[in-house]
Amino acid sequence: MTTFSQGTCLLMCPEKERWIKFFFEKFMTTHTYSREKEGLLHKFEIDENTKGAKLPKADPAKTIKCFSRSAAGSDMTDMKLLRPASLFIIATRTDVDWIIIYEFIFDRLRSVRQDAAIQRIDALMYIQLLEPIVRFLVYSAQRFEKCAVLTEWIWRNDCRLCERNISEFNTIINGQHLAECLTRLLVLYDESEDEGNSLELDRDMERLILNDNRAEMEALYILLYMGNMEALTRALRLPHDLRISPNVQLSIKISFAWYLKNYVRVCSLIPQLPPLLICAAMTGIQKLRRTALKIMSSGYNSKVFTFPGLKLQQLLLYKEIDKIKADCELLGLVFTNQNILFQKANFKDEIQLTYPEMYYTHQCLHSFLPQILLESV
Amino acid sequence: MHTMDSYIMQETFILRLYACLQIRRVWLNQEGRPLSNLLSLRHDHVSISQIGSETAITKAMEHLSAPLDDLVLYHLKAIVAMNKDDPLSMYNYQSSAVQSLTKILQMQKEENWMLPVMNTMCLELRLLAVCVENTKTSKNMKPGEILEKCADCLMGCFRVCACDNRSSEDDTKRWGMLTLVNQLINKLHLCRPLIRAIESSPYKALFTLAQKITYKFFVGRKAMFDSDYKAADEHLTYVFEHCHKRSSKNKRLILTYLVPVKMLLGYMPKHSLLEKYNLMEFGELMEAVKRGNLRNLEKVMEKHESFFIGAGIYLIVEKLKIIAYRNLFKKVYLVLNIHQIPIQDLLSALEMQGIDDVDMDEVECIVANLIYEGKIKGYISHQHKKLVISKQNPFPRLSTIP
């Protein structure tokens, strides 16, 4: 394993120093060279001057190792091309379809993770590597094109997915990777917490930075697993300084509210979160709305009295009233004159999720990108 | 001085020889319990200082043949590690010992006299694993790593026992399953497949009482975490009633889970019981729930937070809020004595307690949940801002709700 020189200058963040060393060592690998020869370069990696050529040249500053499964005979340990920062700059481009950007970044991040696992990089560095990846995956979960989210909806509600193009199932794979990265990250936090207190100043500084991001990551975990007993138990046992951080506190409050199925409180607290945490909280909104509508079908069960649609829109964070209409029809409830007639007997229990709806507009989401992805890299 | 030394040498030699011969004798006579004592790390023989010396180990081997020799060898090495105060190596040797035991068990067809040995050694392996896990001698160790290894090792034994389905009822090693399951569930959390293995066993009802109690305790606790309160109540009540009457420490532990479960099902514990087992944290809790005092309930939860979190029941206690809301709304109904209760009055009742972060929408949501769970019979009219309740039995007794 490579050992890293400990920075002695306090002004130059030691963490950055290590990153630079880690990322820029030998970035033009044989791997990139062979992809160049085979014409397998992604358009984001091409040298602008050779763009029209039959076999465009790679721009060394842009190439990023792509993911390939480990196989016997292929040397996996030699590759050290990990550069999430440069990846995320690509993400901010507006001239390309998000799905293309997403697939490119997703693939490269996967490769980054694979390398990190093979090279057994030290825990602190691994943490710093996973944090931006988690942010990206949470963000992407909200950013998906409608079709992708819709397919997930079809998949969940009715399992005829065989004939669908696998690339449409981004949401699911995204979710799986997110869960993997996040749990790995939490284990790493726990481990680094167990390590004895180092007296070195650098180490302490790093720990300070670490805790700063950790609060965000712990909050993400709590929100992604809203109301889940395991996640709540973990939250209750977090070290005191983390537990009192505003984001963690608010997230715990939301999760506890959902634990008691208090949908009104959950939805009134979510907008108080910062954007990335809202993205995390909103991943569960389809399930939340479905459960809330089921409870309301019992609570407001009536053949005569209706419930105002506008009120429901406000309570369950609907952006468009049309979505309420669609959801009501989906769940077997009557929607007339902008009002809902809740009837317990008509509720279609077999439907597991309501229709998807984006919380932010595309423009709005795009404007969050620099803040979410680049700030802490 | 010289004679004294040689006297001690001679004495330890005799003791050693005696121990080896003893092991050989009980092995040949197939006496499970005495053998389990001789291979236990908690038995008197481990305190003989010379028993684990190099020569002692070589000597011991001369008197024993395969497959017993490996087992004894690892046992002696574990004792050496114990005398050196090195829990990690002690664990490793004990683990090897259990593995050779597993091999022996596998070879022994149609006989189960070694089960007491298995019970003792597996228990000690688990205790050692927990001890190593807590002391954390090595920095490179991942949390839970040793526990996982221990679980693997015990699963090896478990498989041998569970697969022994050809032997007759008297000779089958399946009798060893429950003790192993109990070891595995205690700390190691490997529930579902193990519980299935026991539930489908034909000897389910015939295990010893002590085994059954331990097992039901874990199953009951698991049911509680899975929010299956009826099953949790059933198992834990059995455990409480059958557990040894003098083991008040265990009884207290059982009550820590049983009391909140009972409360959720609508049975409030007697003060005298809580006093007897020093569980007064629940007394205050119960008062608040009974009175429907949400503010006090929150205060009690805050006050005893570390107790509830430590016992792993904080989330169960949180659920009591629902019962408290139900009790409070029932009071409002009894005071007003009408069947169309203004939501505003329910909100006022909460505000009177000092709850200030709740609004009309949220009260409606809480009521909708209570109706959904069958705790209130009726419906809400949003336009009229009223809760319309059933003329008959609008607040059914909690214990009668399916």
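The values are calculated or read from the model by the stated rules, or taken from the named source; none is laboratory data. Quick caveat: nothing in here was measured; it's all calculated off a predicted structure. Positions of Cβ are backbone-derived with ideal geometry, glycine not excepted, and every protein chain shown enters the neighbour counts. These accessible areas exclude ligands, DNA and RNA; they are computed on the full protein's heavy atoms, side chains included. Shrake-Rupley method; radii C 1.70, N 1.55, O 1.52, S 1.80 Å.
Some notes on this structure:
- For A:GLN272, the stated conditions hold: it is closer than 27 Å to A:ARG135 by Cβ, open to solvent by 60 Å² or more (accessible area, probe 1.4 Å) and without any contact (Cβ under 8 Å) to a residue 40 or more places away in the chain.
- Condition met for A:LEU331 (open to solvent by less than 10 Å² (accessible area, probe 1.4 Å) and in contact (Cβ under 8 Å) with a residue 40 or more places away in the chain): yes
- Leading residue by the ranking (nearest to the other protein chains (Cβ to nearest Cβ)) among those in region B:336-351 that are of a type in the set (A, V, I, L, M, F, W, C) and surrounded by fewer than 17 Cβ atoms within 10 Å (Cβ to Cβ): B:ILE338
- Single match in B:GLY312, B:GLY354, B:GLY378 (criterion: away from chain A (no Cβ under 11 Å) and in contact with a helix residue (DSSP H, G or I) (Cβ under 8 Å, 6 or more places away or on another chain)): B:GLY354
- Odd one out for B:VAL300 among (1) surrounded by 18 or more Cβ atoms within 10 Å (Cβ to Cβ); (2) more than 13 Å from chain A (Cβ to nearest Cβ); (3) closer than 18 Å to B:GLU351 by Cα: (3)
- A:GLU200 satisfies every condition listed in (1) modelled with pLDDT under 80; (2) away from every other protein chain (no Cβ under 14 Å); (3) open to solvent by less than 30 Å² (accessible area, probe 1.4 Å) except (3).
- Within the span defined as region A:104-119, every residue fails to be at pLDDT 70 or above, open to solvent by 30 Å² or more (accessible area, probe 1.4 Å) and more than 21 Å from A:LEU185 (Cβ to Cβ).
- Selection from region A:220-269 of residues that are touching a Cys at 6+ places or on another chain (Cβ under 8 Å) and either in contact (Cβ under 8 Å) with a residue 40 or more places away in the chain or not assigned by TED's automatic domain parsing to the domain that holds A:SER192 (or both): A:TYR263, A:VAL264
- Scanning region A:285-323 for residues that are surrounded by fewer than 19 Cβ atoms within 10 Å (Cβ to Cβ) and away from chain B (no Cβ under 14 Å) yields A:LYS287, A:LYS319, A:GLU320, A:ILE321, A:ASP322, A:LYS323.
- Of the set (1) open to solvent by less than 20 Å² (accessible area, probe 1.4 Å); (2) more than 10 Å from chain B (Cβ to nearest Cβ), all apply to A:GLN338 but (1).
- Of all residues in region B:355-402 being at positive phi and open to solvent by less than 40 Å² (accessible area, probe 1.4 Å), the one that is farthest from the chain's Cα centre (by Cα): B:GLY378
- Single residue of A:SER245, A:SER255 found to be away from chain B (no Cβ under 14 Å), polar (S, T, N, Q) and under 29 Å from the mean Cα position of the chain (by Cα): A:SER245
- Options B:TYR333, B:TYR325: the member that is within 11 Å of chain A (Cβ to nearest Cβ) and in contact (Cβ under 8 Å) with a residue 40 or more places away in the chain: B:TYR325
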